[in-house]
Amino acid sequence: MARPRKETVGQRIARFRRDRGFTLSQLAAETGLSKSYLSELEKSNDPPPATGHGPSADAIYRIAKGLGVAMSDLLGRPIITAPQTRRPESLLKFADKAGLPEADVEMLANIQFRGEPPKTEERWAFIYRAIRASAEIDG
């Protein structure tokens, strides 16, 4: 039995373009890429070969920006984020007192509320308890 083919980058571009009600001409105007280039991308039914002859990173960026989606959406891949390296002193104190595993400290280090991390050990404790409680609800 044949396995269903995954959607190609071109197919994703076409889908997002149609979802937004854009014509190829409108997308070309938004991205600064030619209508013929975008048409070629959309018509490509094969993933780019390992030799790297697919669309450039700049083209993917411009298309994603024009469509209002993440580059990862066009590529069909999850977003990769850099781990948080800065750990507030209040988090480190809470983590030490609570004996948190490194994975939990890393997870907490990425939490922000209104653009800032929690400021007190008590706030970290509250957030940690809430996360643990929600994990228990999920089973």
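The values are calculated or read from the model by the stated rules, or taken from the named source; none is laboratory data. Everything numeric here is computed off the predicted structure, so don't read it as measured data. Methodologically, a virtual Cβ is constructed for each residue, glycine included, from the backbone with ideal geometry; neighbour enumeration extends over all protein chains shown.
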Note on residue 93: of the conditions (1) in contact with an Asp or Glu (Cβ under 7 Å, 6 or more places away or on another chain); (2) crowded, with 16+ Cβ neighbours inside 10 Å, unmet is (2)
Just need a number here: residues in segment 98-119 that are surrounded by 10 or more Cβ atoms within 10 Å (Cβ to Cβ) and either modelled with pLDDT of 95 or more or small (Gly, Ala, Ser) (or both).
-> 2
Filtered residues of segment 4-46 (kept if within 22 Å of residue 77 (Cβ to Cβ) and assigned to a loop (DSSP other than H, G, I, E, B)) | 4, 5, 6, 7, 8, 20, 33, 44, 45, 46
Those residues of segment 68-85 that are assigned to a loop (DSSP other than H, G, I, E, B) and surrounded by 10 or more Cβ atoms within 10 Å (Cβ to Cβ) come to a total of 6
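Can you name the residue in segment 86-98 that is among the basic types (Lys, Arg) and in a helix (DSSP H, G or I) and, of all such residues, is nearest to residue 132 (Cα to Cα)? Don't jump to the end; show me each part of the working.
Taking segment 86-98 as the starting set, the residues that turn out to be among the basic types (Lys, Arg) are 86-87, 93, 97.
Retained after the next criterion (residues that are in a helix (DSSP H, G or I)): 93, 97.
On the way: 93: 19, 97: 17 Å.
That would be 97.
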Count of segment 99-132 residues which are assigned to a helix (DSSP H, G or I) and over 29 Å from residue 80 (Cβ atoms) = 5
